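A.B. asks: Pasting a structure here, questions to come.
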Amino acid sequence: MEIKIPELALVVLIGPSGSGKSTFARHHFKATEIISSDTCRGMVSDDENDQSATKDAFEVLQFIAARRLRAGHLTVIDATSVQPEARKPLVALAREYHCLPVALVLDMPEGLCRQRNESRPDRNFGEHVIRTQLSQLRRSLRGLEREGFRHVHVFRSPEEMSSLTIRREPLWNNKKSEHGPFDIIGDIHGCLDEALDLISALGYRCEVQEGRHAVSHPQGRKLVFVGDLVDRGPDSPGVVRLVSDVVASGRGFCVAGNHDVKLSRALRGRDVKLTHGLAESMDQMRSHSQDFRRFSAEFLDGLVSHYVFDDGHLVVAHAGLREEMHGRGSGMVRQFAMYGETTGETDEYGLPVRYNWASEYRGKAMVVYGHTPVPESEWLNNTICIDTGCVFGGRLTALRYPERELVAVSARRRYYEPVRPLRAVKSDGLTAQQEQDDLLDLEDVVGKRIIETRLNRSITVREENAVAALEVMSRFAANPKWLIYLPPTMSPSETSKADGFLERPEEALEYFRRVGVETVVCEEKHMGSRAVVVIARDPGAARSRFGVDDGTRGIVYTRTGRQFFADGSLQAAVLDQLGAALEKAGFWSEFNSDWFCLDCEVMPWSVKAEDLLRTQYAPTGAAATTALSAAQALVAKVAARGLDVEELGNSLRERMGAAQQYVEAYRRYCWPVNGIEDIRVAPFHLLASEGTVHVDKDHIWHMSTLHRLCDSAPGLLKATPFQTARLADDAETRVVIHWWEQLTGDGGEGMVVKPLVFAHAGKRGLIQPAIKSRGPEYLRIIYGPEYTRPEYLSRLRERNLAGKRSLAIREFALGIEGLERFVRREPLRRVHECVFGVLAMESEPVDPRL
């Protein structure tokens, strides 16, 4: 004997004590799926038979069951449950979590139950207990379905139970194994000609043979219809025939719309008001055979409320669906999927005011729906309405999945006058998502968070770090709509063993050789300040893509999301010259993009670090020089008296030389800035443009592409010199080492060594995206004038890089993830989850000198 139960259900075992419920449960279900009332009683009282603990035990049982059902796990209740009042809260629990309640009834003979209890000293209840339980069970058997149980199975002998197998069936809405690609078509409403036009525009072949449609796509794509196939339009029967043929052939799916259900009921002779186009559909159906009308009623009645596709990444429902209802089966789910949620009010046209569930949607699955016509399909929190009012003279729209592309055909004419005119396109040019993003929710960034990234799986952000990030963002950050990316920190090379050096390129090259990199790209490290430049073609493009409506066309911001230039006019001048360079180099057309995001160094260093220079570096150099000059004068006086102070004098001269080197080191990277002619921008990553995050290109592509851009504005833009080296070729590695020695010997900061591949994964996962190797004079600024003295250098060589390197990889993965989410047009809160993550990482305790 085989019975079927839904894959997601609340299974209630019903039977008197001794009927074998626990044995039955252990045989047919996993131990983790079973919640026993006896076990819960023992949990709260240390005695499974303590009847005084029953109330507390059932509170524990219902709490555990609720958490399992919320997570989407089948749950089995092992309790007697012979009374309707005992089953009532369980049915309510199933309804709350939109699961089907299943009753498995063990109506065993009284003598068998008594015999089993007698064999267990702890269950030696009186005979009257079992007799009463069986009586209560049998009186309520006929009412189980009325109580809300959708599936009821009764077993009356041990023989029935011993031969039983239970098969779990996927819910009708479970199409997770269907991965597409799909073409999802909005509300057709009887517009057969437009439906055929759209199917053809999507690349499908449609042949009609003996009144049946044979629809196929050369790439194996499938159609999904969001419901409301009928009413208002000229040929509802034709649309039903088309869609039913597609579904029957296995080349498509269709969910139920409210108009479809009403027509089905009308065709079955139910009492339905013939309004909103239903009368026209019934007239059209009367011209067809009774068999076709019967078929249409059965087909429309059999449509499910919604489908979950592609491992849960795509949900299609006629009126949309909240996340907690995805993949669930209940009357409430069906009601929401077909009608949405209303506020209980009516508008000036007498139509119900619908609650904007999509504005609060936070689910990972994309939800595609229709039901309420809109003039333009817009994304909002990973949901989109594709009903663009074809029957009202608008368009019939399809969404291509997973491409997220919209394809539409215009209505051939207006077939029906809408009661409520289609909402006009907003005059401010902002999308629904951009309007929603005007207000970010604190709950989206605070607390401990686990962020899933493509490059490095999950990254944990601790609560205390999130608080620090919130402080920085709320007090200092630029307009958050611009902040689509924050760059990662960069780790230095391992400590050099060469005399007088803390860092050299040999260690960076050896690291990449050790993790399996074959070729590296070595770039000159400019002594500037890291900056991200986000630029749009013009203020209109900035408004359209970023939702920024202040007349600006972009921004230059720091690694921590702050405005780079305090002078807004200077930033505007930089952006205008960069925009002109992009135009001259042909980048706008070459990349088919109205915006770019670039990773850069901005020089001189003093533009951003003016306060640091004034308050730290300059006073340090001045103080050291003054103190050492005074000491030298004192030594000269002592020497004039004939005392031997030669060793002390040599030491002071050495330290004076170090102090002067310190001053010269920081002055080399600073010059006065009186206007844009004194600014230099050195881009080294073309991070993203419309539709693409360019991490799929290697660093040579980035360098050569940006060199072309720099040639278009040689005054502002500075090309970054670079060299490549195959790590197996000693001659090539010696060349880049010699180049580093030249750069640092001339006072340069040093170089950055990167794997050729932008995001390189080794055997143990993502490797360092870049390693910096800094010259001795630059390090003098970081570690102080006398850091090269042997006693200081030996101490500095004990530095630990593990924390810095872990930070660099995590921040790199978060930064790219945020960019990819922006390019996919995900909500700003999803992008900012990654931006906040990078800021949170920056508050971790790591030596800032590394």
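The values are calculated or read from the model by the stated rules, or taken from the named source; none is laboratory data. Keep in mind the model is a prediction, meaning the values are calculated, not measured. Glycine gets a Cβ as well: all are built from the backbone with ideal geometry, and neighbour counts include every protein chain shown. Remember, those area values only see protein heavy atoms, side chains included, never the ligands or the DNA or RNA. Shrake-Rupley method; radii C 1.70, N 1.55, O 1.52, S 1.80 Å.
A.B. asks: If I filter the stretch 13-23 down to residues being of a type outside the set (G, A, S) and open to solvent by 10 Å² or more (accessible area, probe 1.4 Å), which single residue comes out as nearest to H151 (Cα to Cα)? Before you say what the answer is, go through the steps one by one.
C.D. replies: Keep residues of the stretch 13-23 that are of a type outside the set (G, A, S), which gives 13-14, 16, 21, 23.
Filter once more, keeping what is open to solvent by 10 Å² or more (accessible area, probe 1.4 Å): 21, 23.
Working: K21: 18, T23: 21 Å.
Per the stated criteria, the residue is K21.
A.B. asks: In the stretch 539-558, what count of residues is obtained for those that are open to solvent by 50 Å² or more (accessible area, probe 1.4 Å) and among the charged types (D, E, K, R)?
C.D. replies: Count: 3.
A.B. asks: What number of residues within the stretch 91-112 satisfy the criterion of being farther than 20 Å from R26 by Cβ and of a type in the set (A, V, I, L, M, F, W, C)?
C.D. replies: Within the stretch 91-112, residues that are farther than 20 Å from R26 by Cβ and of a type in the set (A, V, I, L, M, F, W, C) number 6.
A.B. asks: Mind counting the residues in the stretch 328-343 that are assigned to a helix (DSSP H, G or I) and either touching a helix residue (DSSP H, G or I) at 6+ places or on another chain (Cβ under 6 Å) or open to solvent by less than 20 Å² (accessible area, probe 1.4 Å) (or both)?
C.D. replies: In the first step, residues of the stretch 328-343 are kept if they are assigned to a helix (DSSP H, G or I); the result is 331-339.
Narrowing further to those that are either touching a helix residue (DSSP H, G or I) at 6+ places or on another chain (Cβ under 6 Å) or open to solvent by less than 20 Å² (accessible area, probe 1.4 Å) (or both): 333, 336-339.
Qualifying residue count, the stretch 328-343: 5.
A.B. asks: When you scan the stretch 1-75 for helices (runs of 4 or more DSSP H) that lie fully inside it, which ones turn up with 3 or more residues that are within 24 Å of Q136 (Cα to Cα) and in contact with a Phe, Trp or Tyr (Cβ under 7 Å, 6 or more places away or on another chain)? I'd like the intermediate steps shown before the answer.
C.D. replies: Values: elements: 21-28, 37-45, 54-70.
Filter on the stretch 1-75 gives an empty set.
A.B. asks: Only residues that are modelled with pLDDT of 95 or more and either open to solvent by less than 40 Å² (accessible area, probe 1.4 Å) or outside any loop (DSSP other than H, G, I, E, B) (or both): list them for the stretch 406-426, please.
C.D. replies: L406, V407, A408, V409, S410, A411, listed by residue number.
A.B. asks: Checking D387 against (1) modelled with pLDDT under 85; (2) in a loop (DSSP other than H, G, I, E, B); (3) surrounded by 14 or more Cβ atoms within 10 Å (Cβ to Cβ): exactly one of these is not met. Which one?
C.D. replies: Every condition holds for D387 apart from (1).
A.B. asks: If you don't mind, there's one more thing I want to ask. Can you tell me which condition L406 does not meet? The list is (1) out of contact with any helix residue (DSSP H, G or I) (no Cβ under 9 Å at 6 or more places or on another chain); (2) closer than 22 Å to S281 by Cβ; (3) free of Cβ contacts under 8 Å to residues at least 60 places away in the same chain, and all the others hold.
C.D. replies: (2)
A.B. asks: A further question on this structure: Taking the stretch 190-214 on its own, how many of its residues are closer than 21 Å to E298 by Cβ and touching an Asp or Glu at 6+ places or on another chain (Cβ under 7 Å)?
C.D. replies: The qualifying residues number 4.
A.B. asks: Quick check on this structure: which one of F476, F501 is in contact (Cβ under 8 Å) with a residue 24 or more places away in the chain and more than 30 Å from R789 (Cα to Cα)?
C.D. replies: On the way: F501 fails: more than 30 Å from R789 (Cα to Cα).
Step by step, each of F476, F501 is checked, and only F476 is in contact (Cβ under 8 Å) with a residue 24 or more places away in the chain and more than 30 Å from R789 (Cα to Cα).
A.B. asks: Read through the list (1) assigned to a helix (DSSP H, G or I); (2) under 19 Å from L687 (Cα atoms), then give the number of the only condition that L807 fails.
C.D. replies: All conditions pass for L807, except number (2).
A.B. asks: Among what's in the stretch 706-728 and is of a type in the set (S, T, Y) and part of a loop (DSSP other than H, G, I, E, B), pick the residue that is nearest to G748 (Cα to Cα). Show your work before the answer.
C.D. replies: Pass one, the stretch 706-728, residues of a type in the set (S, T, Y): 712, 720, 724.
Imposing the further condition that a residue be part of a loop (DSSP other than H, G, I, E, B) reduces the set to 712, 720.
Numbers: S712: 25, T720: 13 Å.
By that ranking, first place goes to T720.
A.B. asks: Separate question: Quick one: V695 ticks every box in (1) surrounded by 14 or more Cβ atoms within 10 Å (Cβ to Cβ); (2) assigned to a loop (DSSP other than H, G, I, E, B); (3) aliphatic (A, V, I, L, M) bar one, so which box is it?
C.D. replies: For V695, the exception is condition (2).
A.B. asks: Another one. Taking the stretch 358-371 only, how many residues are in a loop (DSSP other than H, G, I, E, B) and surrounded by fewer than 18 Cβ atoms within 10 Å (Cβ to Cβ)?
C.D. replies: First pass over the stretch 358-371, keeping only residues in a loop (DSSP other than H, G, I, E, B): 361-365, 370-371.
Now drop any that are not surrounded by fewer than 18 Cβ atoms within 10 Å (Cβ to Cβ), which leaves 362-364.
So the answer is 3.
A.B. asks: Would you kindly identify the strands (runs of 3 or more DSSP E) lying entirely within the stretch 137-238 that contain at least 2 residues that are open to solvent by 40 Å² or more (accessible area, probe 1.4 Å) and farther than 30 Å from K21 by Cβ? Step through it out loud before you land on a result.
C.D. replies: Values: elements: 151-155, 165-169, 182-185, 205-209, 212-216, 222-225.
In the stretch 137-238, the matching strands (runs of 3 or more DSSP E) lie at 205-209, 212-216.
A.B. asks: Going residue by residue through the stretch 316-335, is there one that turns out to be among the hydrophobic types (A, V, I, L, M, F, W, C) and out of contact with any Phe, Trp or Tyr (no Cβ under 9 Å at 6 or more places or on another chain)? Can you show your working first?
C.D. replies: Of the residues in the stretch 316-335, the ones among the hydrophobic types (A, V, I, L, M, F, W, C) are 316-317, 319, 321, 325, 332-333.
Next, from what is left, pick out any that are out of contact with any Phe, Trp or Tyr (no Cβ under 9 Å at 6 or more places or on another chain): 332-333.
Within the stretch 316-335 (the criterion being among the hydrophobic types (A, V, I, L, M, F, W, C) and out of contact with any Phe, Trp or Tyr (no Cβ under 9 Å at 6 or more places or on another chain)), the answer is yes, since at least one residue qualifies.
A.B. asks: Can you pull out every residue in the stretch 510-538 that is closer than 19 Å to V736 by Cβ, in a strand (DSSP E or B) and open to solvent by less than 10 Å² (accessible area, probe 1.4 Å)?
C.D. replies: V520, V521, C522, E523
A.B. asks: Could we say that A731 is more than 27 Å from Q577 (Cβ to Cβ), over 36 Å from the mean Cα position of the chain (by Cα), outside any helix (DSSP H, G or I) and of a type outside the set (K, R) here?
C.D. replies: no
A.B. asks: Still on this model: Which of the following residues is closer than 22 Å to T495 by Cα and either aliphatic (A, V, I, L, M) or surrounded by fewer than 24 Cβ atoms within 10 Å (Cβ to Cβ) (or both): R829, R795?
C.D. replies: Values: R829 fails: closer than 22 Å to T495 by Cα.
That would be R795, the only listed residue that is closer than 22 Å to T495 by Cα and either aliphatic (A, V, I, L, M) or surrounded by fewer than 24 Cβ atoms within 10 Å (Cβ to Cβ) (or both).
A.B. asks: Here is a further query. Any residue that is in contact with a helix residue (DSSP H, G or I) (Cβ under 9 Å, 6 or more places away or on another chain), in contact (Cβ under 8 Å) with a residue 40 or more places away in the chain and of a type in the set (D, E) - is there at least one of those in the stretch 507-514?
C.D. replies: no
A.B. asks: Then there is this: Under the condition of being within 40 Å of the chain's Cα centre (by Cα) and closer than 17 Å to I14 by Cβ, which residue from the stretch 38-69 is surrounded by the fewest Cβ atoms within 10 Å (Cβ to Cβ)?
C.D. replies: If we take residues in the stretch 38-69 being within 40 Å of the chain's Cα centre (by Cα) and closer than 17 Å to I14 by Cβ, then Q62 is surrounded by the fewest Cβ atoms within 10 Å (Cβ to Cβ).
A.B. asks: Pull out all pairs, ordered by first then second residue, where Cβ-Cβ is under 7 Å, the residues are six or more apart or on different chains, the first lies in the stretch 428-455 and is charged (D, E, K, R), and the second is at pLDDT 80 or above and open to solvent by 90 Å² or more (accessible area, probe 1.4 Å).
C.D. replies: D428/D549; K448/R462; K448/E463
A.B. asks: Sort through G818, G784 and tell me the only one that's of a type in the set (G, A, S), over 30 Å from E518 (Cα atoms) and open to solvent by less than 30 Å² (accessible area, probe 1.4 Å). Don't jump to the end; show me each part of the working.
C.D. replies: On the way: G818 fails: over 30 Å from E518 (Cα atoms).
Only one candidate passes the filter, namely G784.
A.B. asks: Right, next: Failed condition for R530, given (1) at positive phi; (2) modelled with pLDDT under 95, with all others met?
C.D. replies: With respect to (1) at positive phi; (2) modelled with pLDDT under 95, R530 is out only on (1).
A.B. asks: OK, next. Could you go through the stretch 456-471 and let me know if any residue there is within 30 Å of V574 (Cα to Cα), out of contact with any helix residue (DSSP H, G or I) (no Cβ under 6 Å at 6 or more places or on another chain) and not aliphatic (A, V, I, L, M).
C.D. replies: Kept after step one, since they are within 30 Å of V574 (Cα to Cα), are these residues of the stretch 456-471: 469-471.
Add one more test, that the residue is out of contact with any helix residue (DSSP H, G or I) (no Cβ under 6 Å at 6 or more places or on another chain), and what stays is 470-471.
From what's left, not aliphatic (A, V, I, L, M): 471.
The answer is yes; a qualifying residue exists.
A.B. asks: Turning to a different aspect of this structure: Please go through the stretch 439-476 and give me each residue that is surrounded by fewer than 14 Cβ atoms within 10 Å (Cβ to Cβ) and under 19 Å from the mean Cα position of the chain (by Cα), ordered by number. Give the derivation first.
C.D. replies: Pass one, the stretch 439-476, residues surrounded by fewer than 14 Cβ atoms within 10 Å (Cβ to Cβ): 439, 441-443, 447-448, 450, 452, 454, 457-458, 460, 463-464, 471, 474-476.
Once the filter is applied, which keeps residues that are surrounded by fewer than 14 Cβ atoms within 10 Å (Cβ to Cβ) and under 19 Å from the mean Cα position of the chain (by Cα), the stretch 439-476 yields L439, D441, L442, E443, G447, K448, I450, E452, R454, R457, S458, T460.
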